[in-house]
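Take a look at the structure set out below.
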Amino acid sequence: MAGHGSKTSFFSGFCSSALRRKSLPEAGDPLTSLYGEGLVRRLGAFELILLGIGASIGAGIFVVTGTVARDAGPGVTISFILAGAACVLNALCYAELSSRFPAVVGGAYLYSYTAFNELTAFLVFVQLMLDYHIGAASIARSLASYVVSFLELFPFLKGHLPSWIGHGEEFFGGVLSINILAPILLIGLTAILCCGVRESSAVNTFMTATKVLIVIFVIIAGAFEVDVSNWSPFAPNGFKAVVTGATVVFFAYVGFDAVANSAEESKRPQRDLPIGILVSLLICAILYICVCLVITGMVPYQLLGEDAPLAEAFTAKGLKFVSVLISIGAVAGLTTTLLVGLYVQSRLYLGLGRDGLLPLIFAKVHPTRHTPIHSQVWVGLVAAIMSGLFNVHMLSHILSVGSLTGYSVVSACVITLRWKDQKASLDSTRCISKWHEGVICLLLVACGGFAAGLCYRFSTSYIALLVAIPIAVLAVAALQVRHSYADPPGFSCPGVPILPAVSIFFNIFLFAQLHEEAWSRFIILSIIAVGVYAFYGQFHANPTGSESRDYSDVYHRTPSEEFLS
């Protein structure tokens, strides 16, 4: 009986902890009194825009554009427009929340902690973090390979650099893939990030400016080589190939969430964060579209290469010096993407360390450098080990799960945080609260998107689509009719709840396009995360960041408790 009672007590305690929500301090409250040493506000709107561009534009602009064009033809331009439009919906949601929340680190984790509950926030963090860890290691190996390829342009080095230095050399049947340069690059970037946000921002500004200037030069130089006859037919494989291309190039835009995670280091976060998110996305979209038009106009899409299509296109036109610039741009692009990725990871670890969901060491901020050195070193160490020992490119098919999950939850946060009359939602005459009714509608929108994505992926009967899409539409209609919405302070996402709901639908539609192993990864990692939370997180959570472990009603509430207050 005692064992049964302890199990019941554990389960009830778990449920109570998992449903706790976080109420944030007001925007004017001093962070140091709550969290100990805080970060320093040194990033203006211009630096935030460059941060977003640095996170988004990597070597992909020199590779992905041509790779997708081999299937979509010149219609790859439409693919980027469609993907950009979908990302605008996510960016609008991020922009509203970044201006609405007090300027502290956390991003999607922080938003979901406040809008939903503690367990959802922890699951969002875990899914995002695996993406970031694998992505950082993979980018580091690509950067090492590009650096070696660039060095081999010099005749005295060509053929003299062993593969284990930068390209990777496999041992034990591919179980290990040794790469020496990738960890060295990661150590160097981690050191820069530990020095301070001013130093890392200066490096990002220089490298981002370099790659953007190179891309602009490539666009201008290529424009003089365009043959408009290469644009016909514009969509040789039909519109479905264009849509499929949009699902691929969607991930070329991700990175604006990095701006949201720099809230605590922004000089004027309520104004500058929305500007940084939206302007960086717009600039990236323009550059991608222009590159697509140039590359498909220079060379027939059937002749584009797989590995370096843009460089090969210029080489085919006799402009080899531009190919060298493209290599430099690719190195600069990968460097900034890696730098910003490491930066974002450390800030997320900092947020969870402050809230007690991870050990307190991750919450430490250096007293003079004002950087989360322990978190930063941990992030760099994990990436260095993975990139130095394993061919993480093989794990690329399980990436993007965290990004799509995080974007979907952020869009849902915009809707739930806008709901008014939440006290009335607990009317005793109702069998289900209005808040939970709204959450069910959001889940129906997500399920409709997943079902529609499966129908599209496996080319099933349109009858299934005629079931999935109407259910999602009815759920959005219910959100519109059954709830009233308040106008938030600061930037306001237009069209709530319709635009965020469309964002959720499309994100989960893309989720359905991922490899089956990505779905398995989502489920297995979620189970592991629930276990970690059950045996560690729920007992150590301390969102106030104070020394006391008193879980007050102010900072820890279930949805029902908050509505009754």
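The values are calculated or read from the model by the stated rules, or taken from the named source; none is laboratory data. Every value quoted in this text rests on a predicted model; they were computed, and no experiment measured them. Virtual Cβ from ideal backbone geometry, glycine too; neighbours counted across all protein chains shown. These accessible areas exclude ligands, DNA and RNA; they are computed on the full protein's heavy atoms, side chains included. Shrake-Rupley method; radii C 1.70, N 1.55, O 1.52, S 1.80 Å.
Brief remarks follow.
- Residue list for region 29-70, filter: at pLDDT 80 or above and hydroxyl-bearing (Ser, Thr, Tyr): 56, 65, 67
- Counting only residues that are open to solvent by less than 30 Å² (accessible area, probe 1.4 Å) and over 30 Å from residue 312 (Cβ atoms), region 50-88 holds 1 of them.
- The residue pairs whose first member lies in region 470-495 and is within 16 Å of residue 93 (Cα to Cα) and open to solvent by 30 Å² or more (accessible area, probe 1.4 Å), whose second member is of a type in the set (Lys, Arg) and modelled with pLDDT of 90 or more, and whose beta carbons are closer than 6 Å, counting only pairs six or more residues apart or on different chains, are 485/418; 486/418.
- Enumeration of residues in region 243-287 that are in a helix (DSSP H, G or I), open to solvent by 30 Å² or more (accessible area, probe 1.4 Å) and in contact (Cβ under 8 Å) with a residue 40 or more places away in the chain: 243, 244, 248, 251, 270, 271, 275, 278, 279, 283
- Residue within region 371-390 that is in contact with an Asp or Glu (Cβ under 8 Å, 6 or more places away or on another chain) and modelled with pLDDT under 95 present: no
- Test: residue in region 199-206 that is hydroxyl-bearing (Ser, Thr, Tyr) and closer than 30 Å to residue 321 by Cβ: yes
- Members of region 148-188 that are at pLDDT below 85, more than 20 Å from residue 334 (Cβ to Cβ) and not in a loop (DSSP other than H, G, I, E, B): 169, 170, 171, 172, 173, 174
- Of all residues in region 267-290, none satisfies being among the polar types (S, T, N, Q) and touching a Lys or Arg at 6+ places or on another chain (Cβ under 7 Å).
- The set of residues in region 224-242 being more than 30 Å from residue 397 (Cβ to Cβ), free of Cβ contacts under 8 Å to residues at least 40 places away in the same chain and not hydroxyl-bearing (Ser, Thr, Tyr) consists of 224 alone.
- From 73, 84, residue being touching a Pro at 6+ places or on another chain (Cβ under 6 Å), at pLDDT 90 or above and not aromatic (Phe, Trp, Tyr): 73
- Count of region 10-26 residues which are modelled with pLDDT of 65 or more and open to solvent by less than 70 Å² (accessible area, probe 1.4 Å): 11
- Pair list, Cβ < 6 Å and 6+ apart or interchain, from region 366-381 residues that are over 12 Å from residue 197 (Cα atoms) to residues that are charged (D, E, K, R): 367/37; 374/364
- The residue that is farthest from residue 124 (Cα to Cα), among those in region 501-537 that are aliphatic (A, V, I, L, M) and open to solvent by 60 Å² or more (accessible area, probe 1.4 Å), is 502.
- Candidates 338, 360, 334, 325, filtered to the one that is without any contact (Cβ under 8 Å) to a residue 12 or more places away in the chain and aliphatic (A, V, I, L, M): 360
- Just so you know, in region 294-312 the residues that are open to solvent by 50 Å² or more (accessible area, probe 1.4 Å) and modelled with pLDDT under 85 include one that is farthest from the chain's Cα centre (by Cα), and it is 312.
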